[in-house]
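Report on the structure given below.
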Amino acid sequence: MHFGSLVALDNVDLSVRAGEVHALLGGNGAGKSTLLKILNGVHQQTAGDVAVFGTPFQGNSPELARAAGVAMNFQEMSLIPSLTVAQNIFLNHEFIRNGLINEAVAVERARDLFEQLNVEVDPRMLVSDLSPGQRQLTEIAKSISHDARVWILDEPSTALSVTDVERLFESIRAHTAQGNAVIYVSHRMDEIAKISDRLTILRDGRKVTTAETRATSVSQMIEHIVGKKARDFSNLSLERKTLGAPVLELDALQDTYKLRPVSLSIREGEVVGLAGLLGSGRSSLIKLIAGVDAKASGSIRVAGKPVEFRGPADAMAEGIAHVPESRATQGIIGSHATSDNLTLSILDRISVRGLIRQQRVRALSQKQIDDFNIKVESQSTPVLNLSGGNQQKVVLGKNFGIQPKILLLDEPTAGIDIGAKTEIIDAIHSKASEGMAVLVASSELSELAVACDRFLILADGVICEDVSSDDIAAENPSGVNMVPFIQRVLEEKIQDANKTLKTESFGEKQ
Amino acid sequence: MIHFALKNWRQNIIYIGFVLIFLLFALTLNDRGFLNPNNLLNIFRQTAMIAIMAIAMTYVLSAGEIDLSVGAVAGLTTVTVALTISVAGPLAGVAVGLLTGIAVGVCNGWLTTRVGIPSFLTTLAMMGIAKGVAMWISGTSAVPILSRSFAWFFGGGSLGIVPILFFWILIFGVWGHIQLKHTGFGRRVLATGGGETAARYTGINVKNVKFQVLVVSGTAAAIAGMLYAGRLQSGRFQLGEGDELSVIAAAVLGGTSLFGGKGTVIGTIVGALMIGMINNGLILMGLEYSQQLIARGGIIILAVALSQRQ
């Protein structure tokens, strides 16, 4: 498979057995997406063959792939927001009676699919009203609605809660138990280890290895993916830092929708993690501080000074940078050049008397490209053409450009490979050691465990617990496997917080 | 709950607005004959062509495209139909009229989906071409239509008291509504406009969908042109001139999104009737044409602003 002069995929053999879950791993730009798109009929290979259960499959349309028995979910791009869940699931293969669509059957069948997945989503809801987790489940339901024998699940769990992931795994096992196959793609090593039987690792468009999952350690996987000995996060030593004065203080801050009054204070050099399920208010809080959403009541102080934000520009003027949740729509302008994206936040610094100086654009962009190790052909390459991890580095570079005092990160490593993830966490640490205060919301607890000094457990818009990394570490005096330990503790705390909440609201209803 | 009610209120603003304006006119213009049955039927007569084109426009907008050539195509069709009838009779006239619309629609669709010119530009250019051709082949003069059956069936006639144009709206409305909301074609149209990438990944041929809606729009414009020709018993290149604005306004007033993915035929018809009613009321008020234009523009902007706000 060629894209222009680049070879995206070079002579790759992959064989998936009936009855197995086969994991596909690789960094950004390793060729995973290209391979999946060929399997799914979106792209056509320039050389080589694909066979499904022995039948050769060729063609460049998703319909042909479907007819061959292959179904794949897409990462947040195959749903139409203005249609309902059921309408989306059966889009283009509706139930027709007398020439008309039978909506009732579609709703019934959609219910069955969600039942098969062990989850609850109302098929009559509009997709635009769904939470990210529900959207992801709808994507999965849509892909399996074709009774396909081969499921390709591409990052199916990024927006799911721990419980929903567990349920998804159950239905995957049920599917393979019937002699079908699943190709599972994820950046989350713990999931790969848990669900897959065998795994194939791609790097730079070539196959590195295919192996039994049981016989492969996580650090071996990472080594194959990045192509060099990687630092193992699982034994991170937690060093003590000296923290400065409070730089961001919230007092009974509340939005009009999700959050109950939130008070907290973050000090210079501190990295604080927001942990909680989707819809717990993680993003809402970040957006409030970033000036994206208007507050309903309460106050924000930056470096002791009360501030009022009428929009993101006001927050940026106070030195608050925001790396938003949705890279594609909120973070980058995809069709614009990498250099234009990197300098969009600092137009005043690249302009002289109102005119943009290309020299400055080039110099400043090059600095960011070097600092963040952004892999890009040239500065003028549209950001759209970069891999997810490099796109995110562009968003980070853009935000660091304003030299912020406070950095807000919302899911900073969603859909990013382990190599880029490490680089991003390193960048956070180094900026924090220079005195920047960081607030990071993430659904990946392992990442929070590595990155943060302190954790806030959120459930249903309430901060239920505020616990420091040191306090959790003290419960594990051996100091071995510290990161997984912290991750487990956080998981438990989130579940406890949600349980308490449920009992409370049940009590209210009585 | 309040949020939900508010949202629905926004969605249904067209119906509320329709009733309010109707009541306003009924109260203030009663002595000038607004409620006279003949006047009310006149509103239908004056609205039918806009409504039919707007129903097709609902499809075009829902698919994320636009068709600015409808008014000019209607005008061109009046001329081709009138010329054909004068030499080969009404049946040939209808066939040529339909072919005119289909041909323009195919051109629009081909240029938009195969050559890749945005429909805004394709149809803007086609507007000029259609008008130019109409002026050229008619020598800029009106072409009379002498066939009575054609004039009766296409716009002039009535069944009892009910004008035939009412039935044209009814047939197109029912057909358009069912097609959009209850068939696979309609679902593909809404999906294409609601998320083109997503639709493509779902196996929908979005180029074909866009091609089809532009052909539907051209055909509907031709039918509207025949209704103009039948009602006025002549073909003139000026007929339908400027209709594209009323047509798009009717669809948007009725809740169709200019950005694609959302549209209802019933809303569009009510939107068209509302524009017709406003025109009628302004005339009865005795406003001059210049004042009518200003008032109509203001009312449309207000109504669209209310219906589009989140």
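The values are calculated or read from the model by the stated rules, or taken from the named source; none is laboratory data. All values derive from a computational prediction rather than experimental measurement. Because the Cβ atoms are built from the backbone with ideal geometry, glycine has one as well, and the counts that use them run over all protein chains shown. Side chains included, ligands, DNA and RNA excluded: accessible areas come from the protein's heavy atoms. Shrake-Rupley method; radii C 1.70, N 1.55, O 1.52, S 1.80 Å.
Values computed for the structure shown
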item: Test for residue A:410: is it modelled with pLDDT of 85 or more, in contact with a Pro (Cβ under 6 Å, 6 or more places away or on another chain) and not assigned by TED's automatic domain parsing to the domain that holds residue A:133; result: yes
item: Count of region B:112-145 residues which are free of Cβ contacts under 8 Å to residues at least 24 places away in the same chain, among the hydrophobic types (A, V, I, L, M, F, W, C) and under 22 Å from residue B:92 (Cα atoms); result: 1
item: Sole exception among (1) more than 29 Å from residue B:278 (Cα to Cα); (2) open to solvent by 50 Å² or more (accessible area, probe 1.4 Å); (3) of a type outside the set (S, T, N, Q) for residue B:131, by number; result: (1)
item: Residue pairs meeting the criteria (Cβ under 7 Å; at least 6 apart or on separate chains; first in the same structural domain as residue A:469 (by TED's automatic domain parsing), in region A:484-501; second polar (S, T, N, Q)); result: A:484/A:234; A:485/A:476; A:486/A:469; A:487/A:446
item: Some residue of region A:168-190 being among the acidic types (Asp, Glu) and open to solvent by less than 60 Å² (accessible area, probe 1.4 Å); result: no
item: Restricting region B:185-206 to residues that are within 7 Å of chain A (Cβ to nearest Cβ) and at pLDDT below 85, the residue that is surrounded by the most Cβ atoms within 10 Å (Cβ to Cβ); result: B:199
item: Residue satisfying all of: in region A:465-499; of a type in the set (Gly, Ala, Ser) and open to solvent by 40 Å² or more (accessible area, probe 1.4 Å); farthest from the chain's Cα centre (by Cα) among these; result: A:478
item: Criterion (more than 13 Å from the chain's Cα centre (by Cα), within 23 Å of residue B:258 (Cβ to Cβ), of a type in the set (Ser, Thr, Tyr) and assigned to a helix (DSSP H, G or I)) met by exactly one of B:113, B:100; result: B:113
item: Number of the condition not met by residue A:216 [criteria: (1) among the hydroxyl-bearing types (Ser, Thr, Tyr); (2) assigned to a strand (DSSP E or B); (3) at pLDDT below 90]; result: (2)
item: Residue match in region A:118-128 (condition: within 14 Å of chain B (Cβ to nearest Cβ), closer than 19 Å to residue B:184 by Cα and among the hydroxyl-bearing types (Ser, Thr, Tyr)); result: no
item: Residue selected from region A:472-484 under the condition more than 16 Å from residue A:273 (Cα to Cα) and of a type in the set (A, V, I, L, M, F, W, C), by the criterion modelled with the highest pLDDT; result: A:474
item: Unmet requirement for residue B:209, which otherwise passes all of (1) in contact with a Lys or Arg (Cβ under 9 Å, 6 or more places away or on another chain); (2) away from every other protein chain (no Cβ under 14 Å); (3) open to solvent by less than 10 Å² (accessible area, probe 1.4 Å); result: (2)
item: Options A:385, A:341, A:390, A:399: the member that is under 26 Å from the mean Cα position of the chain (by Cα), open to solvent by 30 Å² or more (accessible area, probe 1.4 Å) and not assigned by TED's automatic domain parsing to the domain that holds residue A:154; result: A:385
item: Filtered residue count, region B:44-59, keeping only those that are open to solvent by 30 Å² or more (accessible area, probe 1.4 Å) and touching a Phe, Trp or Tyr at 6+ places or on another chain (Cβ under 9 Å); result: 2
item: Of all residues in region B:164-178 being without any contact (Cβ under 8 Å) to a residue 60 or more places away in the chain and more than 8 Å from chain A (Cβ to nearest Cβ), the one that is farthest from residue B:266 (Cα to Cα); result: B:164
item: For residue A:114: the one exception among (1) within 11 Å of chain B (Cβ to nearest Cβ); (2) crowded, with 16+ Cβ neighbours inside 10 Å; (3) not charged (D, E, K, R); result: (1)
item: Breaking point among (1) over 18 Å from the mean Cα position of the chain (by Cα); (2) at pLDDT below 85; (3) closer than 28 Å to residue A:437 by Cβ; (4) β-branched (Val, Ile, Thr), for residue A:369; result: (2)
item: Single residue of region A:317-327 satisfying the filter (touching a residue at least 40 places away in the same chain (Cβ under 8 Å) and farther than 14 Å from residue A:248 by Cβ) that is most open to solvent (accessible area, probe 1.4 Å); result: A:325
item: Count - residues of region A:277-287 that are in a loop (DSSP other than H, G, I, E, B) and either open to solvent by 10 Å² or more (accessible area, probe 1.4 Å) or within 15 Å of residue A:469 (Cα to Cα) (or both); result: 3
item: Residues of region B:99-128 that turn out to be open to solvent by less than 60 Å² (accessible area, probe 1.4 Å) and under 11 Å from residue B:222 (Cβ atoms), as a count; result: 5
item: Single match in B:89, B:173, B:155, B:132 (criterion: within 30 Å of residue B:206 (Cα to Cα) and of a type in the set (Gly, Ala, Ser)); result: B:173
item: Some residue of region A:199-209 being part of a helix (DSSP H, G or I) and either farther than 25 Å from residue A:93 by Cβ or open to solvent by 40 Å² or more (accessible area, probe 1.4 Å) (or both); result: no
item: Among residues of region A:102-133, those that are under 20 Å from the mean Cα position of the chain (by Cα) and touching a residue at least 24 places away in the same chain (Cβ under 8 Å), counted; result: 6
item: Hits in region B:23-43 (condition: buried (at least 18 other Cβ atoms within 10 Å of the Cβ) and either under 24 Å from residue B:258 (Cβ atoms) or under 21 Å from the mean Cα position of the chain (by Cα) (or both)); result: B:43
item: Single residue of region A:299-316 satisfying the filter (in a strand (DSSP E or B) and open to solvent by 30 Å² or more (accessible area, probe 1.4 Å)) that is farthest from residue A:259 (Cα to Cα); result: A:305
item: Hits in region B:258-269 - residues which are open to solvent by 10 Å² or more (accessible area, probe 1.4 Å), touching a Ser or Thr at 6+ places or on another chain (Cβ under 9 Å) and assigned to a helix (DSSP H, G or I); result: B:269
